[in-house]
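Colleague: Sharing a structure with you now.
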Amino acid sequence: GTASSKRLATAAARRGRCWRWPNHPGCVNSQPPSHISAEPGQFRRLIDTGHADEVVRRADELDDGVLRDCPELELELARAQARTGKFERATALATTALWGFRVRRDLRGQMRANLVLGGVAFEQGHPHAAEHHFGLVRVLATSLDDRKVQSQVTNNLACLALQRGDFDAAEALLQSALKLARDLADLRAQAEVYHNMNLAYRGLGRFEAGAKAGNQALSIGEELQDWSMVALALCGLAETTSWIELGSDQDALLDRATESARIAGDVAREAMVGRVRAVLFLRRKHHDAAYQQALGARELAEKAQHDLLTAECTAIMAVAKRRAGDTAEAAKLKEEATVALYRLKAHLEADWFEREWAAKIGS
């Protein structure tokens, strides 16, 4: 029924939120510049044009002392490590950079370091740590009158509201973030906000409004040739439109999302596509296919060091095995998923898992 559909859609809406890295790249180019030196501004430009992997490679040639003496350079390398999925290394570098900025009493540097740390925490599925860092960023951005960072962190706080299931609060934050992004003429920020609006409207049961916002995110992502953003928007559209009419349209959207994620070299996005496919297979009662999709997605999520996505995939695998009649394997996966979700304080994901596990088999 309608109430049941809205409840299930609400449980799904907090997935795939798009938070903002500082100076997030607007496009992915095919060739990096041929010459750079170890200067923060040059590293920043490389990252912002989609060449984070080149920054990581060049930084490997630097002496450790160069980084220790330059927190700005250290923070740019942290951004590059995060963009290439090396979250533990990113956290270590950003933490050291934050200390360097504190010693200098550099408030703007502290703001940017906290934004990176919050983003990494969010990507790894640690919402409380992310909220701590984003809260500090918001205070500093307001005091420094930095509207670009205010836009970024407002969007990020909306992501946390989505994860809590507070869709009204998320929508209000996203409207503020959209206004800031428009004032700044920041298309990448607008795409991210529209994608998150899709999730908020889906959680509120406003599926047509969600699909409209998702299409706006997709259009901007394609205009920018930001294939990671395109993959994310397509995933969001597939989930939202499935609540309007579940059919082959979602498969076509997810095929495009997989291709875009691979062009971007974004393993986490590719894992996200697999998770969405697995959820849709569950709804179609194709339990073996759901298990295989979730298994493949979990392997990619582990590679990307995405703890929350890994736990979600494990939960889907458990439900699929239970509905396929393999109770022993289902029970083992259930224990693994439950421990992981509660360790991450992923209460909405845990609630979804408990409902799906308790659902009558064959219903």
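Colleague: Which order results if 313, 70 are arranged by neighbouring Cβ count within 10 Å, fewest first?
Modeller: Neighbour counts put them in this order, fewest first: 70, 313.
Colleague: Filter the trypsin sites (Lys or Arg not before Pro) in segment 104-170 down to the DSSP loop ones having no more than 13 other Cβ atoms within 10 Å, then list what survives.
Modeller: Hits after loop and neighbour filter: 105.
Colleague: So what are the three principal axis dimensions of the chain from its Cα atoms, in whole Å, longest to shortest?
Modeller: Over the chain, Cα extents along the principal axes are 62, 41, 36 Å.
Colleague: Return the Cα extents of segment 55-188 along principal axes one, two and three, sorted largest first, each rounded to a whole Å.
Modeller: Sorted largest first, the three principal extents are 49, 29, 26 Å.
Colleague: Taking the alpha-carbon distance from residue 179 and a cut-off under 20 Å, which lysines remain once sequence neighbours fewer than 8 residues away in the same chain are dropped?
Modeller: By straight Cα distance, residue 179 reaches 148, 212.
Colleague: Given a Förster distance of 22 angstrom, what is the FRET efficiency for residue 53 paired with residue 255, based on the Cβ-Cβ distance and rounded to 0.05?
Modeller: 0.30
Colleague: Which order do the peptides 171-178, 275-282, 225-232 come out in when sorted by mean C-beta neighbours inside 10 angstrom, highest first?
Modeller: 225-232, 275-282, 171-178
Colleague: If a/c stays under 1.5 just call it rounded; otherwise compare a/b with b/c (prolate if a/b is bigger, oblate if not). Do that for segment 102-177, with a ≥ b ≥ c from the square roots of the Cα gyration tensor eigenvalues.
Modeller: oblate
Colleague: Counting each DSSP H run of 4 or more residues in the chain as -39500 (n - 2.57), what helix-only mean residue ellipticity at 222 nm follows after dividing by all residues, to the nearest 500 deg cm²/dmol?
Modeller: -25500 deg cm²/dmol
Colleague: Answer rounded, prolate or oblate for segment 166-258, using the Cα gyration tensor with square roots of eigenvalues a ≥ b ≥ c: rounded when a/c is under 1.5, else prolate when a/b is larger than b/c, else oblate.
Modeller: The shape class here is oblate.
Colleague: For Cα pairs less than 8 Å apart in space and 6+ apart in sequence, what is the mean separation divided by the residue count of the chain, i.e. the relative contact order in percent?
Modeller: For the chain, the relative contact order is 15 percent.
Colleague: Using unit Cβ charges (K, R positive; D, E negative) and no other charged atoms, how large, in debye to the nearest 20, is the dipole of segment 139-215 about its Cα centre?
Modeller: So the magnitude is around 160 debye.
Colleague: Which of the three applies to segment 226-363, rounded, prolate or oblate, going by the alpha-carbon gyration tensor with a ≥ b ≥ c and a/c under 1.5 meaning rounded?
Modeller: In terms of gyration-tensor shape, oblate.
Colleague: Count the lysine pairs in segment 229-363 whose Cα atoms sit under 20 Å apart, keeping only pairs 8 or more residues apart in sequence or on different chains.
Modeller: 9
A short reminder: the numbers here are calculations on the coordinates, not readings from a lab. Computed from a prediction, not measured in an experiment: that's the story for all the values here. Cβ sites come from the backbone with ideal geometry, for glycine too, and all protein chains shown count toward neighbours.
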